[in-house]
Amino acid sequence: MWGSKSSKVALFKKVPLFDGLTAGQVEQISRLADEIEVREGRRLATAGETGRELFVIVEGRATVKTPRGRTIRLGRGDFFGEMSLIDGAVRSATVTADEPMKLLVVGQREFWELLNTAPSISKKIMSTLAARLRDADAAYSKVP
Ligand code: CMP
């Protein structure tokens, strides 16, 4: 953990997922997330294992490796871990920090509270999920 409450609010303002929220909403949701720093190489999600957090990247980059061998790179402002929170199934991919990272982490119960507090976040998560599905489908249809 690092930073004061006001610096946590400042972090939220840097992340597009939280764009357009009122000051009151930011204040409320900042209580729902923890700030963490991780070292390069840290595994943040493991395919096939249970996972109960959503991660939002504040700084640094991570690599998603799917069980079918695809590699997707994520960076500042991206989020991951939403799939297991939404459907309760195991992690669909392994996610590893490529460099030292700062992240906001939201637990399962807090995730649903977050979406209730700020419905615009649901829309952004759904839109990212749809884009990831289209991208995955396009990638698989290239395989002979
Ligand atoms: P989850 O399944 O909870 O844990 C692994 C995460 O990797 C997953 O949620 C997504 O956030 C992310 N992920 C899985 N597959 C892809 C993909 N094809 N493109 C981008 N991100 C992905």
Any residue in region 92-102 that is closer than 23 Å to residue 20 by Cα and either within 13 Å of the ligand (Cβ to nearest atom) or not in a loop (DSSP other than H, G, I, E, B) (or both)?
yes
Any hit, region 3-21, residues being buried (at least 17 other Cβ atoms within 10 Å of the Cβ) and more than 12 Å from residue 104 (Cβ to Cβ):
yes
Among the candidates 76, 42, 70, which residue alone is open to solvent by 20 Å² or more (accessible area, probe 1.4 Å), under 22 Å from residue 134 (Cα atoms) and over 14 Å from the mean Cα position of the chain (by Cα)?
70
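Identify the residue in region 87-97 that is touching a residue at least 12 places away in the same chain (Cβ under 8 Å) and of a type outside the set (S, T, N, Q) and, among all such residues, is surrounded by the fewest Cβ atoms within 10 Å (Cβ to Cβ).
Residue satisfying both the conditions and the ranking: 90.
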Here are the criteria: (1) surrounded by 13 or more Cβ atoms within 10 Å (Cβ to Cβ); (2) more than 9 Å from the ligand (Cβ to nearest atom); (3) closer than 19 Å to residue 128 by Cβ. Tell me which single one residue 34 does not satisfy.
(3)
On the given criteria, is residue 84 free of Cβ contacts under 8 Å to residues at least 12 places away in the same chain, within 13 Å of the chain's Cα centre (by Cα) and surrounded by 11 or more Cβ atoms within 10 Å (Cβ to Cβ)?
no
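The values are calculated or read from the model by the stated rules, or taken from the named source; none is laboratory data. For clarity, every value in this text was computed on a predicted model and none was experimentally measured. Cβ atoms come from the backbone with ideal geometry, glycine included; neighbour counts cover every protein chain shown. Heavy atoms of the whole protein, side chains included, go into the accessibility calculation; ligands, DNA and RNA do not. Shrake-Rupley method; radii C 1.70, N 1.55, O 1.52, S 1.80 Å.
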